[in-house]
Amino acid sequence: MSPRRGGAAHRPPSAPADRRLLRRASLVVAAQTAVAVALVIGVLVALVYSISGQERISATDHKLQSKLADSAPGETIVDGTPEGCSDDEVRAAVDARGAGTHRFEVCDTPFLAHVEETGGDRVAAATNFTEQQEETERLARLSILVGAVGVLAAAGLGWLVARRAVRPLGDALTSQRRFVAEASHELRTPLAILHTRAQLLQRRPVGDDDQRQEIDQLVDDARVLNDIVNDLLLSAEMQFRPESRQPVDLARVATEVKDSFSATADDAGVDLVVDSDPAESHVVTGVPSALRRAVAALVDNSMDHVARGGTITLGLSGSGGTVRISVIDDGDGLDPELAAQLTQRFRRGSGGNGHHPRLGLGLALVDEIVHAHDGTLAIDGRPGDGATVTLTFPAAP
């Protein structure tokens, strides 16, 4: 493998998916930091508000007790009655309360009262508590404002720290993808040669049936290995070269895939058809080779699950700014509960016709290609009732 040009300190460009992943991780860390700081500040603000309020109540209550020292038995001292409200209304509210310190409202005004009862004698004092309450609320508002600034600062600091922390991870992901791309590229040629030589060996006359079976298996394994390497290379190219996109007619892609599978379908006794309305536009913006590979993977998957005499339909439709291509088969179907697992990389599944289990990227690569084109993948089917896989893409502008 030839070395790349450039200094070792050069940071390779990250793939779009990697950048989104790292950005999301940074935002999550920032959000978690902000929430943690907000909780701490919230508790502190609540404590400050409670302690400050209690201190003001205690100080005011102490002043009221000082006034009661010189009061006559049965007297109720009222101070700070607002305009439009009489002292008698305040006294009536105080007389309705027993001994102790009380907070209440008269004429929509907060009051604090202290009542003492000794030997049948009762004295009380009440004062307007508006100023003290407003001071407490101002302190609370100031604390909340300072806390909000602190939360924002913590979120920003958390985001910066998270970006620096996940940067090595981003470099590792980029290096890993680049290694996969370069290794796949280097392996493509020797594997293609290996597959070709295996096919040439297959054409030679062999008298031993066991040896013939081993040669056939060698050809199949070489083909599968070659497909896996090509899929890995395509996946890497999707990550590092998203700019190589152009208008792609999915109807033409479907026809090309049908033509490429025609011989295989004939040998398997499967009818492969394309259902498309020529009056509709099926053009999307994307990477032609990737879209072709996605559709081919779906057809290849259906071929393994359709019995002789079955049908595979490539249906196309377009409406509402989207283009849909569906691969519909009348094969052995699938369990809907396992549909989500089918998009896992290197998922192993057995063919419906007794074919050898195939190990590869399969639907995982299809799902990756679809999401790279801002599309969606939907899998539907029932056991014994066939399956439908639909790819939906935004229509080309």
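The values are calculated or read from the model by the stated rules, or taken from the named source; none is laboratory data. Keep in mind the model is a prediction, meaning the values are calculated, not measured. Positions of Cβ are generated from backbone atoms using ideal geometry, with glycine treated the same way; all protein chains shown enter the neighbour counts.
Worth pointing out:
- Qualifying residue in segment 2-16 (condition: modelled with pLDDT under 85, under 30 Å from the mean Cα position of the chain (by Cα), basic (Lys, Arg) and part of a helix (DSSP H, G or I)): no
- Scan of segment 261-299 for residues that are over 14 Å from ASP249 (Cβ atoms) and either among the β-branched types (Val, Ile, Thr) or part of a strand (DSSP E or B) (or both), ordered by number: THR264, VAL270, ASP271, LEU272, VAL273, ASP275, VAL299
- Residue within segment 139-148 that is under 21 Å from TYR49 (Cβ atoms) and among the charged types (D, E, K, R) present: yes
- Of residues in segment 138-149 being under 22 Å from THR60 (Cα atoms) and surrounded by 13 or more Cβ atoms within 10 Å (Cβ to Cβ), the one nearest to the chain's Cα centre (by Cα): ALA140
- Every residue from segment 300-317 that is in contact (Cβ under 8 Å) with a residue 60 or more places away in the chain and either closer than 17 Å to ASP259 by Cα or within 30 Å of the chain's Cα centre (by Cα) (or both): ASN301, SER302, LEU314, LEU316
- Scanning segment 24-60 for residues that are over 30 Å from PHE111 (Cα atoms) and among the basic types (Lys, Arg) yields a single hit, ARG24.
- Qualifying positions in segment 54-68 - at pLDDT below 90 and either loosely packed, with under 12 Cβ neighbours inside 10 Å or in contact with a Phe, Trp or Tyr (Cβ under 7 Å, 6 or more places away or on another chain) (or both): SER66
- Number of residues in segment 150-181 that are loosely packed, with under 13 Cβ neighbours inside 10 Å and basic (Lys, Arg): the value is 1.
- Enumeration of residues in segment 69-91 that are surrounded by 11 or more Cβ atoms within 10 Å (Cβ to Cβ) and part of a loop (DSSP other than H, G, I, E, B): SER71, GLU75, GLY80, THR81, PRO82, CYS85, SER86
- Where a residue in segment 196-208 is more than 21 Å from LEU225 (Cβ to Cβ) and its partner, wherever it lies, is at pLDDT 80 or above and not hydroxyl-bearing (Ser, Thr, Tyr), with Cβ under 6 Å and at least six apart: VAL206/ARG212
- Count of residues meeting criterion [over 17 Å from PRO394 (Cβ atoms) and of a type in the set (A, V, I, L, M)] in segment 304-327: 5
- If the condition is being touching a residue at least 12 places away in the same chain (Cβ under 8 Å) and either acidic (Asp, Glu) or not in a helix (DSSP H, G or I) (or both), then segment 116-148 contributes GLU116, GLU117, ASP121, ARG122, VAL123, ALA124, ALA125, ALA126, THR127, ASN128, PHE129, GLU135.
- Number of positions in segment 148-180 that are touching a helix residue (DSSP H, G or I) at 6+ places or on another chain (Cβ under 8 Å) and at pLDDT below 85: 12
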